[in-house]
Structure formats: structure tokens, C-alpha cells
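The values are calculated or read from the model by the stated rules, or taken from the named source; none is laboratory data. Owing to the predicted nature of the structure, the values given are computational and were not obtained by experimental measurement. Using ideal geometry, Cβ is built from the backbone for each residue, glycine included, and neighbour counts are taken over all protein chains shown. With ligands, DNA and RNA removed, areas are computed over all heavy atoms of the protein, side chains included. Shrake-Rupley method; radii C 1.70, N 1.55, O 1.52, S 1.80 Å.
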Amino acid sequence: MSPDEHRATAAAILPLVGGPDNIESVAHCMTRLRIGLRDRSLVDDAALRAVPGVLGVVEDDTYQVVLGPGAVARVTPAFEALVEEGRTTPHQAVSAGDLAERGAALKEARKARNATPFKLFLRRLANVFVPLIPALIGCGVIAGLNGLLTNLGWAPAVVPALAAIASGFMSLIAVFVGFNTAKEFGGTPVLGGAVASVIVFPGVAKIDAFGEHLSPGQGGVLGALAAALLAVRVERWCRRRVPGTLDVLVTPTLTVLVTGLVTLYCLMFLAGEAAAAIGAFANWLLAAGGAVAGLVLGGLFLPLVMLGLHQALIPIHTTLIEQSGHTVLLPILAMAGAGQVGAALAVYCRLPRNGSVRSTIKSALPAGLLGVGEPLIYGVSLPLGRPFVTACAGGAAGGAFVGLCNQLGVAFGSTAIGPSGWALFPLLDGTAGLGVTVAVYAGGLLTGYLVGFAATWFFGFTKQMLADLDTDAGAAAPPGPAGPAEAKEPVPA
């Protein structure tokens, strides 16, 4: 889309979410425009879904409009600009106090349903890593291109430059994690980055901890996360006790000094051991578990997404990429999206007279093939119920295929997190050669499509469901995404 089209999409969305005065906050992730609302009752869900470019809507702690990768990063700035342009005068804002009060009450009621401490922590953890995904993707694609040129012996003069571009971000990712962690948990971001930078400083090789020499980068993102969390605690302690006249000098000094020493003599070693254990376990799981491990991982990923527990995998993926250049888990988890696509195709075929559902599937299927699964999940399988379960069966079958091939020696992974489906092909990296790696991943997708389709065709509907849904009348009242109010943000599947 052109800039004018992005602005047109933003302009179409704004009045349907209650206008500028109803907007508390605006942000975006990989696929969604996230809007903090004052009054949820002012939103027209049906009209929003009909806006060109809108793939679906999801209600969580924020109201989320699914726009897809790429588009969301362009529509969001236009939306923010329109909100600022349309803000009311202070007098008008005061007159909207009742509106804000009602909206706040609704927002708190929605949050209470899912605001367990563990889930809230996982959301904040995701907020640390999600902003890093675009750089991971860009550097991952460049790393894959560099590997291809190296294997083919092409452009030898360019290969070192590509290696530097691809590796530069990864060599400093701990600093970005530290910065984002402090920002998310209420500390000074630059202090979080400062203590995390200790981990990647080459001079740490001269330091002994637990009787061993430290290595630059030891502990990686896990160490950076722990260091920045500690820095936030130390900074808060100092803010409460240091006199205001000395705060600007004493607080940052003590924060960096205390946290830096603890990081060097404790956290780097412990985080390094934890990271090594994660890498060893992931490799052992697929080498020993093979098809069984792949079946469990591929089959359970969509339920993990619905529970919000998939966010715990983000630092694990990042740690694996940091260690070996790729995460072996993501290609298997991506099979959940393949099962979802197969299930959606079966629903399309089983409901030939339900024009509304078929229209939803036709518009959402291209995004599903490219790994953006939210429209199909929230618009089709989850509201219907049984097709969501059969989609999981397709994901389990695709995961079992990839896991079995891994056990047989075709080990591979993704050089970045975020994309899946067909969009994951440029990010694949393995030891068996590009052709074999691509063939195995494609075989897993095909298995997921076929099993998801077959399971949904035979087990996705009861006779009563078909009688109720496969009619023109059913098109007038399509199954709306009843589940999103309880759903969580999925890694694109």
C-alpha cells in the first residue's frame, strides 16, 4: 500500500474505535495495532472487520486490530498522527470524565480475568524481546544469504561484509535486552544497557569466577535479563535512600557498580550454565525424542498461545540463536500454523453455503500461509471449537515429521524468530545442506496441511453443527471470534 492508503486505513479505523478522545495509548507488535481504550462500548467490531486491510480484531489488555506484518508498522504512525490531530481541547477532555471512568472500569474488569502474576510476568518478558524481532529477522535473512554465498563460492569479497552485518547485532543483543528490561520494569533504560554491556566486554576474559575464566558473551541474553532486573532493584533502593542533592551522582554509580560486580562474579557464570543447559536439552530432546517430541511440541503450541504461555519461549529461542545461530524449536512449532491452514481449508469445503465463513477464510488464508495465524484462529477455528482441536492434530503431525527427520540426522532451525509458514524458508539453517533442509520443512508443512484438513473433514463437525452452519441463514450470523477476549498474542503461526 502507498502512504495515502496507510493513512486511509488509519482514518477508517479511528472513528470505529470511538475517535481520538477514546484513545489512551497506541502501540504495535509484529502484526497488530494495539489500542488502549477509555470506553470499550464505543467500538464497532463488525465494521472494523469490514475495513479493507483489517484481518481481524482481538480483545485483551488492549484492543488489537490485526493488520499483518509490514502493514502494521506503516499504519500505526498514521493512526498516531490522526489521534494527535483530533485531540479535543482541555475543556472538552474534562467533560469526557464520565467516559474515561466507565472505560477504566471495563478495562480493569477485562484485565482481572487473566491478570495472574505469572501471565503478567510473561507479558512483560515478551515486551522485552518483541521489539528486537525486526532486527533478528533482518540479520537472520542476511546470515542465510551469507551462508548460501559461502556454500556456492560466490562473491567471496562480499561474504565478510555480510558476515559483519549479520553478526553485529547478535554480538550486542545483550545490551538491547538490558536496555529494554530496565525500561519495561521501571528502571532507567540506559543503566540496564550499561550493566548488560559488561557481559559482552572483551576484557571479562581476564576475570576469574568460580575458579574459571569468564568469556565475553557468557550468559548471553539470560545474563543480561538478570543483570538488568537486578539493576532496577538497586536503582529503586538508591532512589528511596539517597538525598536528592546527591541522587544524580550516587544512584547511577552504585547501580552500575553493585550490579556490575554481581554480574561478573555470579550472574554471568550462572546464566552461562543455564544457557548451556537449555541448548543441550533442546538438542537432546529432538535427537532422542524425535517424532514424539515433535508431535507434542507441534500439537500443544496453539493451546499454549491461547493460554499466553508461548511467551516463555521467546528468551529460549533467542538463547538458542545466540548459541548456535538458529533455534531448532521454531520450525516444529511453525507446524501448528500448517495444521491451522489445513483445518481452515476443510471448513471452507464443508460449509459450501455459508458465504460469511468462506469469505473470512478466503481473505485470511494468504496471511495464514505466510505464518500469520490470528485471522484464521480467531475468525474460524476457535469460534467453531472442534476445528481448533483438529488444527492442533495437524500441527502435531507436521511436528512429528520434522522431529523424526531431526532424529534421523537432518537437524535444522530458524536463524530468527517471528515468521513461520512459507515466510520461514529464507531463515532456515541446518547441517544437512539447504536443499535437504528446505525439503524437510516443506514436507512438514504439507503433512500439517493434509492431516489438519483430513482431521477437520472427518471429525471437525457434528451433524448438528453442519445443519446449523451450512446454510444461508448461518451466513447472516457467522461465528464471531468469541474466544479472543481470553486469547493471548501468538508468535505468528
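With respect to residue 453, is the statement that it is in contact with a Leu (Cβ under 6 Å, 6 or more places away or on another chain) and assigned to a helix (DSSP H, G or I) true?
Numbers: in contact with a Leu (Cβ under 6 Å, 6 or more places away or on another chain): yes; assigned to a helix (DSSP H, G or I): yes.
Spelling it out, residue 453 is indeed in contact with a Leu (Cβ under 6 Å, 6 or more places away or on another chain) and assigned to a helix (DSSP H, G or I).
If you check 203, 186, 153, 211, which single one turns out to be without any contact (Cβ under 8 Å) to a residue 40 or more places away in the chain, surrounded by fewer than 23 Cβ atoms within 10 Å (Cβ to Cβ) and within 19 Å of residue 258 (Cα to Cα)? Even if it seems obvious, please write down each step before you answer.
Details: 186 fails: without any contact (Cβ under 8 Å) to a residue 40 or more places away in the chain; 153 fails: within 19 Å of residue 258 (Cα to Cα); 211 fails: within 19 Å of residue 258 (Cα to Cα).
Just a single option satisfies the conditions, and that option is 203.
One residue stands out in segment 354-388 among those that are open to solvent by less than 10 Å² (accessible area, probe 1.4 Å) and not in a helix (DSSP H, G or I): the one that is farthest from residue 449 (Cα to Cα), namely 354. Selection of segment 137-194 for residues being under 17 Å from residue 223 (Cα atoms) and either in contact with a strand residue (DSSP E or B) (Cβ under 6 Å, 6 or more places away or on another chain) or hydroxyl-bearing (Ser, Thr, Tyr) (or both) yields 171, 181.
Suppose the filter is surrounded by fewer than 19 Cβ atoms within 10 Å (Cβ to Cβ), assigned to a helix (DSSP H, G or I), among the small types (Gly, Ala, Ser) and touching a Phe, Trp or Tyr at 6+ places or on another chain (Cβ under 8 Å); does residue 161 pass it? Taking the combined requirement at face value, the residue does not satisfy it.
Could you check segment 309-353 for helices (runs of 4 or more DSSP H) lying wholly inside it with 2 or more residues that are closer than 26 Å to residue 131 by Cβ and of a type in the set (S, T, N, Q)? Even if it seems obvious, please write down each step before you answer.
Numbers: elements: 313-324, 329-333, 335-350.
Fully inside segment 309-353 and qualifying: 313-324.
Tell me, yes or no, whether segment 323-338 has at least one residue that is in contact with a Phe, Trp or Tyr (Cβ under 8 Å, 6 or more places away or on another chain), more than 17 Å from residue 440 (Cα to Cα) and either in contact (Cβ under 8 Å) with a residue 12 or more places away in the chain or surrounded by fewer than 24 Cβ atoms within 10 Å (Cβ to Cβ) (or both). No, every residue in segment 323-338 fails to be in contact with a Phe, Trp or Tyr (Cβ under 8 Å, 6 or more places away or on another chain), more than 17 Å from residue 440 (Cα to Cα) and either in contact (Cβ under 8 Å) with a residue 12 or more places away in the chain or surrounded by fewer than 24 Cβ atoms within 10 Å (Cβ to Cβ) (or both). Of the candidates 238, 266, the single residue that is over 30 Å from residue 136 (Cα atoms) and assigned to a helix (DSSP H, G or I) is 238.
Can you spot a residue in segment 56-70 that is out of contact with any Asp or Glu (no Cβ under 8 Å at 6 or more places or on another chain), charged (D, E, K, R), at pLDDT below 85 and open to solvent by 30 Å² or more (accessible area, probe 1.4 Å)?
Yes: one or more hits.
Scanning segment 38-55 for residues that are among the aliphatic types (A, V, I, L, M) and open to solvent by 50 Å² or more (accessible area, probe 1.4 Å), which turns out farthest from residue 376 (Cα to Cα)? Give the steps one after another, and end with the answer.
Just the residues of segment 38-55 that are among the aliphatic types (A, V, I, L, M), to begin with: 42-43, 46-48, 50-51, 54-55.
Pick out the ones that are also open to solvent by 50 Å² or more (accessible area, probe 1.4 Å) and you get 42, 46, 50, 55.
Numbers: 42: 25, 46: 16, 50: 15, 55: 9 Å.
By that ranking, first place goes to 42.
Looking at segment 222-259 only, could you name the residues that are surrounded by 15 or more Cβ atoms within 10 Å (Cβ to Cβ) and polar (S, T, N, Q)? Those that are surrounded by 15 or more Cβ atoms within 10 Å (Cβ to Cβ) and polar (S, T, N, Q): 251, 255, 259.
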